[in-house]
1. Out of R9, R80, which single residue is within 22 Å of the chain's Cα centre (by Cα), among the basic types (K, R), over 30 Å from R223 (Cα atoms) and not assigned by TED's automatic domain parsing to the domain that holds A230?
2. Anything in region 178-195 that is farther than 22 Å from G242 by Cα and among the acidic types (D, E)? List them, or say none.
3. Quick one: in region 12-70, which of the residues that are of a type in the set (S, T, Y) and in contact (Cβ under 8 Å) with a residue 12 or more places away in the chain is farthest from R221 (Cα to Cα)?
4. From the list V182, V174, which residue is modelled with pLDDT under 95, crowded, with 19+ Cβ neighbours inside 10 Å and not charged (D, E, K, R)?
5. Just need a number here: residues in region 36-81 that are surrounded by 13 or more Cβ atoms within 10 Å (Cβ to Cβ) and either farther than 27 Å from E231 by Cα or of a type in the set (F, W, Y) (or both).
6. What is the residue count in region 201-225 for residues that are more than 20 Å from R66 (Cα to Cα) and over 16 Å from the mean Cα position of the chain (by Cα)?
7. With the requirement that a residue be farther than 18 Å from E94 by Cα, of a type in the set (S, T, Y) and at pLDDT 90 or above, what does region 1-41 give you?
Amino acid sequence: MHDLRVALRRLRVILRAYAPLLSGEIYERFGKRLRAVAHVTNAARDAEVQIEWIDSGKRGVPPAERPGRRWLRKSLASERKAAYRTVRHEALPEFDRLAHKLRHALEESGPAASDPDAAGMEIRFASEAARRVREYATVLSGSLRRMGPRADEAEVHAARIAVKKLRYLVEPLVQGQVANDVLAPLRELQDCLGDLHDRHVMAQRLSPMLKDAVPQGLRDRLRAGLGAIAERNWQEACFLRGVIGRRYVGARARQVLRAPRDLARQLSLYGMTRDTGRGHSGRTR
């Protein structure tokens, strides 16, 4: 499930970033439909992650808390099973249909069709990649500036999406030690934001269960376990907020974004150098 979702996100990011280099409005034709396929996988992913998180804290659980823990895990497992079925019956067949059409569209509107001059396309690609890396870095910088110590779910979500887009845009452009320098801080930030997002999702699930979404008699029996899980969830959310605040918010955001911005400058210089080196015929010297 994780690999499928990452692949869909990477595909959407790349199609959107390089849409100006493709004819036929590829992203406009396929972007929303790919997003809809990814959306179908959300429930399965959330259930999967929350089950793993509950299992990671099962050691030393007092007997009074076990009924609530078992009940919540069983509920999530049932949701996961139903969500997997939906992914198999809806998301995967729809992606198969989209993949066939997308491959055909890319063959029809690729670089060879829009610019037969390979050197010219290389220059355009470097220029567009530099522009997009700068743009996505600016968006992430703005999201991090808006994140305070009490950032709400919407602010965390915006920053999480922004760092994903920047990371998946940059990944194909770097390798070796440069890749580690550029990508490691982005991966770490993405992991922290993703974990905090998961704590928000769990809090939203638990809140009604501790109030009136569960019948009173059953709620009394489950309260100790659900309450303990809620407390652990809150403590981990507070810890993650502290980590994000210390490492990535404010002036520290510049350190995370320094390497991507350096990459954008190198791409721009590369494009200009290649352009300068071209002869009057349009070919490289």
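The values are calculated or read from the model by the stated rules, or taken from the named source; none is laboratory data. The structure displayed is predicted, hence computed values, not measured ones. Positions of Cβ are generated from backbone atoms using ideal geometry, with glycine treated the same way; all protein chains shown enter the neighbour counts.
1. R9
2. D181 - this is the single residue of region 178-195 that is farther than 22 Å from G242 by Cα and among the acidic types (D, E).
3. So, considering only residues that are of a type in the set (S, T, Y) and in contact (Cβ under 8 Å) with a residue 12 or more places away in the chain, the one farthest from R221 (Cα to Cα) is S23.
4. V182
5. Result for region 36-81: 7.
6. The total comes to 2.
7. Y18
Yes or no, residue by residue, for (1) modelled with pLDDT of 85 or more; (2) buried (at least 21 other Cβ atoms within 10 Å of the Cβ); (3) closer than 27 Å to M202 by Cβ:
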| position | (1), (2), (3) |
| --- | --- |
| F125 | yes, no, no |
| R134 | yes, no, no |
| S141 | yes, no, no |
| G148 | no, no, yes |
| H157 | yes, no, yes |
